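Participant: Sharing a structure below in structure tokens format, with a few things to ask.
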Amino acid sequence: MKANQVSDAPSRSTPDAPALPGARSALALLLFINLFNYLDRYVLAAVVPDLRHEFFNSGGDTTSALGGFLNWFQTSFGFQPQNALLGLLNTAFLVSYMLCAPLFGRLAENRGRWLLIGVGVALWSLASGATGLAGSFLVLLLTRCCVGVGEAAYGPIAPTVISDFYPIKKRGQVLAWFYLAIPVGSALGFVLGEQVAHAFGWRWAFYAVVLPGLALGAWAFFKKEPPRGQSDLAHEISAHRVAWRDYLVLARTPSYVLNTLGMCAMTFAIGGIGFWMADYVKEYRGVSGSTATTFGAILTVSGLAATLLGGLAGDKLRAKYPGSYFLVSAVAMFAGFPLFLAVLYVPFPLAWVFIFLACFCLFFNTGPTNTILANVTHPAMRAQAFALNILLIHSLGDVISPLIIGIVSDKWNMNVAFLLVGVMFVVSGIFWALGARHLKRDTELAPTRCAENKSA
């Protein structure tokens, strides 16, 4: 039998069952990998001013094909799309990530998940080092695509491993701990990127992540696979090879659909803020000093507090409000809308306070929304459900937001561009509010929802 087939799972479990042996060490490894995942992503955002100088303002690449394109664009449209091209670096990474995520999610249904994770981590670490070697903008773009392929082998798989180690009742808090790596890793990316670039040059910021990433990838090769579905509720999981038609079931699961739509809007917002905020503060608002490091510190504190409190709030309110994971996410996003608008018009340093509060609201949903994904999908198809979610939220979210914000800011200004981010706070809140009434039923039906089951 192939590794990791769903028939490895025992037939029954309960929401109060203890975590499986090895759960804590697996969670620790996945948390550290996720931390370096986001550290690598936001090193790029931290060195945007350096990249602008290297490839646009210093005469380096502007004498080649890139320079010809910029001159043609200036003549044809009246402005140069420098910010749009810088945003394209993040878009290229995310396009490769979202296109490859379903493939790796599919492989994870009947292949060794730890093996796929280890290979993915090694690939993105090497590709990140190659980013520092880029001598032209095109090579820089291609290396970011390779980073996306490596991260796609990890993103949809890690939450399914955690879900198989921990029972339903504990998943909200556990996944909140796992997703703490998002704000902390992002913050470390800003700090590392700015400080290393200042001391040694921007290329060394990418070299610095290679060896730790390779070490974490090697550790993953030695981890033991948990049985699939052991921690799910009171239904046998047959040795069913998941077919593509099984995923049509997701379209008939309201909680999955509404949660994914809300996450699309949220990801648009967080992608725009994450990529452009530090540059916005320095270049558009004229704030001097280590703005990326300050923004990184804000992400760390707000993200830690919000991610933990969001997961805890969803779990604690679940007994009284079955739709609690949706409700706490919606309330946070509605509250974040006016706070983010204040960032655009309040003078600094007071605006830093509103950046903190807006980021707190943005991260509050991290644990609850990912818990929804785990709880409303059949264990046999959970990796692919996460992969499909990744494809959708990135294609409609942070794949396009840095590029759109770059285009709008090139044509008008960054304040106008950031208004689009504020709108997405409200849009995500609406979708999550609509999902609350469906969550209890969808969670109860999740263990039966596979195409081979009549109840699907």
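Participant: Please arrange Lys411, Lys282 by counting, for each residue, the other beta carbons lying within 10 Å of its beta carbon, fewest first.
Facilitator: Least crowded to most crowded, the residues run Lys411, Lys282.
Participant: Further, regarding this structure: Going by average Cβ density within 10 Å per residue, which order do the peptides 95-101, 382-388 take, highest to lowest?
Facilitator: The densest-packed peptide leads the list: 382-388, 95-101.
Participant: Quick check: convex hull over the Cα atoms of region 286-392, volume per residue in Å³, rounded to an integer?
Facilitator: Numbers: hull volume 13.1 nm³, N = 107.
It comes to 122 Å³ per residue, whole-number rounded.
Participant: If you don't mind, there's one more thing I want to ask. Provide the gained length on full extension for the span Leu211 to Leu304, in nm with one decimal, where the gain is 0.36 nm per separating residue minus the Cα-Cα distance.
Facilitator: Numbers: separation 93, 0.36 × 93 = 33.48 nm, distance 2.58 nm.
Stretched fully, the Leu211-Leu304 segment lengthens by 30.9 nm.
Participant: Separate question: Tally Lys and Arg at +1 and Asp and Glu at -1 over the other residues with C-beta under 11 Å from the C-beta of Phe275: what net charge comes out? Numbers along the way, then the final one.
Facilitator: Working: positive: Arg41; negative: Asp279, Asp398.
Around Phe275, the charge tally is -1.
Laboratory data are not the source of any read-out in this text; all were calculated from the coordinates shown. Keep in mind the model is a prediction, meaning the values are calculated, not measured. We place every Cβ from the backbone using ideal geometry, glycine too, and count neighbours over all the protein chains shown.
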